[in-house]
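These notes are about the structure you will find just below.
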Amino acid sequence: MVVLPLSLGRASLELALSAAICLILLWLLLPLAYKIGLLDHPKGRKDHDEPTATIGGIAIWGSIFLTIAWFSFWSSTIIAFMGAAGLLILIGMLDDLYDLPWWVRVIAQCAAVLVMIYGGGVVVQHIGGLFGVKSTGLGVLSVPFTMFAAVGVINAINMIDGVDGLAGGIVLAALSMLGCAAIYCGNFALANPVLIFAGAVLGFLLMNMRFPWQPRARVFMGNAGSVFLGFTIAWVSFRLTQSSTHPVTPILAPWLVATPLIDCISLMVHRLMRRQSPFRADREHMHHLMLDAGFTPAQLTMTLVVVNLLLGLSASVALYAKVPQPVLVLVFVGLCIGYFWLTMRRERTVTAFAALNRGMTLLRLKPKAALIQSSSAGSD
């Protein structure tokens, strides 16, 4: 694989081609999904009204594969990534069709991470300067830590996938920040595939988000897609932060997917405290609580994507300003503890989100009110 510095034209081509291929694949797969029953039906805790095809993950994977083949970005690391991702897509499709037990999904996730580690050589060997040293090496704990971190990110993205455009929007935001970090540190070998990943997600979102001309999602990513995208975020984060030639501190990684990670950690601790399976399905996720507080799906998606971007960018600016890395770790832990305390009582959480929604509504109305007042004053 030849690695070239990115030009604006080349970057635009990679992004646009990947998005276009994804849209074409979605269009081709849509009739097949209805024929074989690869659909998400509205029932139980589901909020949509009609059966919806869960083909997003397949189309995103196919788009990435074809675009990488077009630009000949093949390497042992990319091949291992695509193989591991293909395994997750397969298990995710079976889960979408037959609702597999949680332990089967976790075993598949662990197998994919092992392919990433031993087939692609992507492993977390250090976790940055946590204890007053330049970098904390993991030694024999590298593989277990990589497994734990990757499975955690995979399930965080899977759990946040409950509203049109939410998981895809957060993943696109995270990939954008990861891509910018890769370009900033000169890691063009990583920036190229990240652009392709982002393009595929963008193509999917054009059929998954709500627009004035599209009142509901035409396709879902399904468990296949959410698990695959979680794995993608983990793979990119590990490659970015473990590079010896273009280093980026690992402390940054959790900040780029802060909202799903905080929600996942809090929810799993709550379930364990209630002696329930941490993978138990319920309506206690952040997006469910926000819906109950009066947010519309579009408002909810925009709010959480913007919050995720702000947290990631704030951490990036703090690192650039030489804020000590342990401080960022403590702040992240504090956010997790704070959200955990807030969600200990559902009523308190919904009330807090409702107050946030009212505040945002007032902010949206103020410019309009000011404009009306200004027009009235001018007409007198």
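Rg/Rh for the chain (Cα atoms only, Rh after Kirkwood) is 0.97. Here the spin labels are modelled as points 7 Å beyond Cα on the Cα-Cβ line, and at LYS322 and ALA69 they lie 5.1 nm apart. Our estimate of slack between SER243 and ASP292, defined as 0.36 nm per intervening residue step minus the Cα-Cα distance, is 13.3 nm.
Compactness of the stretch 228-376, taken as the C-alpha radius of gyration over 2.2 N^0.38 Å, stands at 1.26. Net charge of the neighbourhood of GLY225, taken over other residues with C-beta under 15 Å away and scored Lys/Arg +1, Asp/Glu -1, is -3.
Here's the picture: charge each Lys and Arg Cβ at +1 and each Asp and Glu Cβ at -1 in the chain, and of GLY57, GLY83, ILE265 the one pushed furthest to the positive end of that dipole is ILE265. With 0.36 nm allotted per residue and the present C-alpha distance subtracted, the ILE337-VAL307 stretch has 9.0 nm of extension available. Computed extension gain for CYS110 through GLU50, at 0.36 nm per residue and net of the alpha carbon distance, reaches 18.3 nm. With helices as the sole contributors, the chain gives -23500 deg cm²/dmol at 222 nm; each DSSP H run of n ≥ 4 counts as -39500 (n - 2.57), and the sum is divided by every residue. Kirkwood hydrodynamic radius for the stretch 67-126: how many Å is it when counted over pairs of different Cα atoms? The Cα-based Kirkwood calculation yields 12.5 Å.
Largest mean-square fluctuation among SER237, SER75, SER316, in a Gaussian network model of the chain whose springs join Cα atoms under 10 Å apart, belongs to SER75. Residues in the stretch 245-265, backbone N under 18 Å from the label point at THR136 (7 Å along the Cα-to-beta-carbon vector): list them, ranges by number please. The answer is 248-256.
Charge tally around TRP102: other residues with Cβ under 11 Å, Lys/Arg +1 each, Asp/Glu -1 each, net 0.
If you plug the beta carbon distance of THR361 and ASP282 into 1/(1 + (r/R0)^6) with R0 = 30 Å, you get a FRET efficiency near 0.60. Average accessible surface for the stretch 57-151: 48 Å² per residue, computed with a 1.4 Å probe over protein heavy atoms with every protein chain in place.
Taking only protein heavy atoms and a 1.4 Å probe, the accessible area of the chain is 70% carbon and sulfur. Placing pseudo-labels 7 Å out from each Cα toward the beta carbon at MET344 and PHE148 gives an inter-label distance of 2.5 nm.
Reducing the stretch 115-192 and the stretch 10-83 to their Cα centroids gives an inter-centroid distance of 21 Å.
Taking every alpha-carbon pair under 8 Å whose residues sit at least 6 apart, the chain reaches a relative contact order of 20 percent. Each Cα pair under 8 Å and six or more residues apart adds its sequence gap; the mean of these over the residue count of the stretch 152-236 is a relative contact order of 47 percent. When ASP99, ASP282 are compared by accessible area of protein heavy atoms, the largest-first order is ASP99, ASP282, using a 1.4 Å probe. Short-range pairs are left out: with C-alpha atoms under 8 Å and at least six residues apart, the relative contact order of the stretch 172-330 is 24 percent. Shape analysis of the stretch 84-214 places it in the oblate category; the axes a ≥ b ≥ c from the Cα gyration tensor give an a/c of at least 1.5, with a/b not above b/c.
The values are calculated or read from the model by the stated rules, or taken from the named source; none is laboratory data. This structure is a prediction, so every number in the text was calculated from the model and none was measured. Using ideal geometry, Cβ is built from the backbone for each residue, glycine included, and neighbour counts are taken over all protein chains shown. Quick note on the areas: whole protein, heavy atoms, side chains included, nothing else; ligands and nucleic acids left out. Shrake-Rupley method; radii C 1.70, N 1.55, O 1.52, S 1.80 Å.
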